[in-house]
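Colleague: Can you read through this structure? Questions will come right after.
The values are calculated or read from the model by the stated rules, or taken from the named source; none is laboratory data. What you see is a predicted model; the values in this text were computed from it and never measured. Cβ coordinates were reconstructed from backbone atoms using ideal geometry, including for glycine residues, and neighbour counts include every protein chain displayed. Accessible surface is based on the protein model in full, side chains and every heavy atom, while ligands, DNA and RNA are left aside. Shrake-Rupley method; radii C 1.70, N 1.55, O 1.52, S 1.80 Å.
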Amino acid sequence: MATEEEMNKEQVENKMVDDAFHHLLNCYLASRHRKKVDIIEKAFNFARQAHKGVKRLSGEPYIMHPIAVAQIACEEMGLGSTSICSALLHDVVEDTDYTVEDIENIFGSKIAQIVDGLTKISGGIFGDKASAQAENFKKLLLTMSDDIRVILIKICDRLHNMRTLESQPANKQYKIAGETLYIYAPLANRLGLNKIKTELEDLSFRFEHPEEYRNITQKLSMSKEQRDILFDEFTAPIRESLDAMGVKYKIKARVKSPYSIWNKMQTKHVTFDEIYDILAVRIIFNPQEKEQEINECFRIYVAISKIYKSHPDRLRDWLNHPKANGYQALHVTLMSKKGRWIEVQIRSSRMDEIAEQGFAAHWKYKDGGGEYSEDEGELGDWLRTIKEILDDPQPDAMDFLDAIKLNLFASEIFVFTPKGDIITMPTGCTALDFAFEIHTFLGSHCIGAKVNHKLVPLSHRLKSGDQVEIITSKAQHVQPSWIKFVSTAKAKSKIMAIIRRDNREAQAKGEAILSELLKKKNADMTTPLLDRLCRKQGYQKHDELFLALGNRSLIMTDKDINDLLTNSNDKKKQSSNNSWLRYVPFIGSNKKKTDDDESQEIIAPAGELYVVDKGFNKKKPIIITENNINSFVFPSCCHPIPGDDILGFIDNNNHIEIHKRVCTVANKLKSSYGNRILDAKWDMHNRLFFDATIEIKGIDRKGMLMDVSKVISAQLSLNIHRITINSDEGIFDGTIELRVHDQNEVQVVIDALKEIKGLQEVQYIM
């Protein structure tokens, strides 16, 4: 029998679930959708029964998760009863004995279709099954063409998982935060879900870089009073002018998100205090006539331009040519009376709703009926491009993610065909990208183009307003070099598909050549042997090696095979990747491990790399010390030093690579191979030196170099490994390579150098 305490706990949980569901119902009833309460209650009761007794890692009843996902779909995306029911039921088929047929019999084909789509792309979001996230993402994109609501609910699901990520171990946090930043945030942005995109970015940032997140939020909080005063003073004359015009409006302050601030600090190499666009102003008005809303935007712009001087190069008109995700607004940057540039965004209430809720705001379904038309403007075009990429199977999950991201992040330009039709293309695209956009045949036989009636090469970058005519020849064939300058996902995928088709024959030939050479030596073509050969010859993949052998760009002799078979122990060679740090002799550890350790110390035999075995605990963080640093692989992509936020990755040889969490390679690894990600921490005691490079720029003067070297060598007692300075017409730039113990020393150097007269920019090169 249940104890009184258990009964009380159950009552508390039931009340919590009931309260959450009633809040969802109230939000739905307050919306503009047709009120189909019965089917929502039916879905809730069904899901509650199906998930009965199951708890989340946080300890709350599992049903709270589907309710929260439905709440986001209703309140933050503005979706209706079909989506709410699908959200409530989205984990039933995945986690219980019920089938899609059961859902169809009880709730109808449309809800069953959406639940089926969500089930296909689930695979246990926090389990090992989610490791090949790229595969899940492929399935997710395939289901988009059936019903866009599948991906909208999936984004709701991801947002709630991010909001409750606290209960997950650190290695799972990095994996989920990484794939959120790499896949889901840009996807939300592409669908116009600006508010959700911002929250996904901030949550990812918070879990990957907790220290920086705390610092920025603290500084935002401390500077709030100053921003409020600036906002009130800046908007007061604007309000007077709009009131005199009789405009119905509201003015909001938009504060830059912590992630956006941090991102700008990283890319522009500036401090928090040097970012001046933290505050922006939004004017949202109700147009007197719907047809006149664009004219009214410009009327407001003219009125406020009379109050403040506008920046001539910073007028952004997305009214007549909306962004691909439907975003419309007029952006203008004005000089405040305090001497600060402030961006003002002017948009109607309809435009504001689309800016916040994206595609969900102009949802085309009548709830319970109607079909989504795939030809629906820019979204339809984008979906078709995605489908073309999916039609060409990518051998590498990371290549696939890269191809998709080209589409997700692209900002647009408008290019004209010879007949005057407008084609939307990504910024930075080339004439060859345009050719592939029109038709694969045009792209594969393209020899040049006429841009504004002038002959240009294939690699010519297009600008908005260009008129482009493609010139072809039947004698032309796709060249491997093309992949280096095309920028669209469509062009890259088509070129790669044609090259792969041409390469298959050569690869088969190369494989046969190698097999024959090994056969003579009575050796088998094993994966470890191929891995060794690839490393020795400088190839990343086995296919590349076979191709080189097949097209005779690599010739192997019997002697090469003999060397390969006798020199099987190349682990020491791998550790040469760590040449950027100065070694100390291997020191055995005296630390005794206990079962209660929150971390695990890893030590390999001297001169060898640690090999992960079956008993390895991925949930415990690995600790990097002076004793064991040579047990890890430090790839050349990011060179982490103590103090950097880092993670571990188990590579194909079961060795552990160490990357910075911000490393671009690590971002891809988190998205594609999430179950191999490890939490990693430093425990260094200033006994090792690491290379760090600092870039300096400034106004040249006599004694500048002496002042720089004095600060570093005399004042800070650090060893300058190499210094390079170039001077031209009174302006100099250069790099200083130092030996430092950790990131703190780098910051001390930067702060000290900034005090030198004439030194304008000082930045640490990642």
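Colleague: Would you rank 190, 314 by solvent-accessible area, highest first, keeping every protein chain in place and using a 1.4 Å probe? Each step should come with its number before you reach the end.
Modeller: Values: 190 30, 314 105 Å².
In descending accessible area the options line up as 314, 190.
Colleague: Order 54-67, 422-435 from most to least packed using the mean count of other Cβ atoms within 10 Å.
Modeller: Order by mean packing, descending: 422-435, 54-67.
Colleague: Another question about this same structure. Where in segment 681-697 is the amide nitrogen less than 20 Å from a point lying 7 Å along the Cα-to-Cβ axis of residue 755?
Modeller: 694-697
Colleague: R0 = 41 Å: FRET efficiency of residue 706 with residue 427, Cβ-based, nearest 0.05? Intermediate results must be reported in sequence, preceding the final value.
Modeller: Details: r = 45 Å, r/R0 = 1.09.
Taking R0 as 41 Å, the efficiency between residue 706 and residue 427 is 0.35.
Colleague: Taking θ = phi - 60°, what integer Hz values does the Karplus form 6.51 cos²θ - 1.76 cosθ + 1.60 yield along segment 150-167, in sequence order, with x for Gly and Pro?
Modeller: 4, 6, 5, 5, 4, 5, 4, 4, 5, 4, 5, 4, 5, 5, 10, 6, 3, 7
Colleague: From the phi angles alone, apply the Karplus equation (6.51, -1.76, 1.60; θ = phi - 60°) to segment 479-494 and give each ³J(HN,Hα) in whole Hz, x where the residue is Gly or Pro.
Modeller: Going residue by residue, I get 10, x, 5, 4, 4, 6, 10, 6, 10, 8, 4, 5, 4, 4, 5, 5 Hz, with x marking Gly and Pro.
Colleague: A further question on this structure: For residue 96, enumerate residues with amide H under 5 Å from its amide H, sequence gap 5+ or separate chain, H modeled in the peptide plane.
Modeller: Distant-sequence amide H within range of residue 96: zero hits.
Colleague: Considering only Cα-Cα distances, which of the following residue pairs are longer than 32 Å: 484/619; 484/660; 224/754? Intermediate results must be reported in sequence, preceding the final value.
Modeller: Working: 484/619 40 Å; 484/660 27 Å; 224/754 27 Å.
Cα-Cα > 32 Å for 484/619; rest within.
Colleague: Hey, what did segment 5-110 get for relative contact order, percent, Cα under 8 Å, at least 6 apart?
Modeller: On the way: 92 pairs, mean separation 29.7, N = 106.
28 percent.
Colleague: Output ³J(HN,Hα) for segment 521-530: one whole-Hz value per residue in order, computed from phi by the Karplus curve 6.51 cos²θ - 1.76 cosθ + 1.60 with θ = phi - 60°, and x for Gly and Pro.
Modeller: 9, 6, 10, 9, 7, 8, 4, x, 5, 5
Colleague: Expected output is a single nm value to one decimal: the length gained when fully extending between residue 321 and residue 8, i.e. 0.36 nm times separation in residues minus the C-alpha distance. What is it? List each step's numbers first, then the result.
Modeller: Numbers: separation 313, 0.36 × 313 = 112.68 nm, distance 5.92 nm.
Between residue 321 and residue 8, full extension yields 106.8 nm more.
Colleague: Separate question: By its C-alpha gyration tensor, with a ≥ b ≥ c as the square roots of the eigenvalues, how is segment 431-533 shaped: rounded for a/c under 1.5, else prolate for a/b larger than b/c, else oblate? Please report the intermediate quantities before stating the final value.
Modeller: On the way: a/c = 4.22, a/b = 3.08, b/c = 1.37.
Cα axes put segment 431-533 in the prolate bin.
Colleague: Provide the gained length on full extension for the span residue 337 to residue 558, in nm with one decimal, where the gain is 0.36 nm per separating residue minus the Cα-Cα distance. Provide the component values of the computation, followed by the final result.
Modeller: On the way: separation 221, 0.36 × 221 = 79.56 nm, distance 7.90 nm.
Taking 0.36 nm per residue and subtracting the Cα distance, the gain is 71.7 nm.
Colleague: Grab the beta carbon distance between residue 57 and residue 683, set R0 = 35 Å, and tell me the FRET efficiency rounded to 0.05. Numbers along the way, then the final one.
Modeller: Numbers: r = 28 Å, r/R0 = 0.79.
So, using R0 = 35 Å, E works out to roughly 0.80.
Colleague: Could you pull the accessible area for residue 252 with a 1.4 Å probe, rounded to 10 Å²?
Modeller: 90 Å²
Colleague: If you add up the charges near residue 418, with Lys and Arg at +1 and Asp and Glu at -1, over every other residue whose beta carbon is less than 13 angstrom from its beta carbon, what do you get? Could you put the intermediate results ahead of the total?
Modeller: Details: positive: 419, 450; negative: 421, 466, 469.
Cβ neighbours under 13 Å give a net charge of -1.
Colleague: Show me the ranking of peptides 646-656, 33-43 by mean Cβ neighbours inside 10 Å, starting with the highest. Working shown, then result.
Modeller: Values: 646-656: 20.1, 33-43: 15.9.
Sorting 646-656, 33-43 by mean packing, highest first, produces 646-656, 33-43.
Colleague: If amide H atoms are built 1.01 Å from N in the plane of the peptide, which residues on other chains or at least 5 residues away come under 5 Å of the amide H of residue 471?
Modeller: 447, 448, 449, 450
Colleague: Between residue 195 and residue 35, what length comes free when the chain is fully extended (0.36 nm per residue of separation minus the Cα-Cα distance, one decimal in nm)?
Modeller: Numbers: separation 160, 0.36 × 160 = 57.60 nm, distance 2.60 nm.
Gain on extension, residue 195 to residue 35, equals 55.0 nm.
Colleague: On to the next question. Taking the simple approach of a point 7 Å from Cα along Cα-to-Cβ for both residue 16 and residue 504, what is their distance in nm?
Modeller: Here the answer is 5.5 nm between the modelled labels.
Colleague: At residue 438 and residue 215, where each label point lies 7 Å from the Cα along Cα→Cβ, what is the point-to-point distance in nanometres?
Modeller: 5.1 nm
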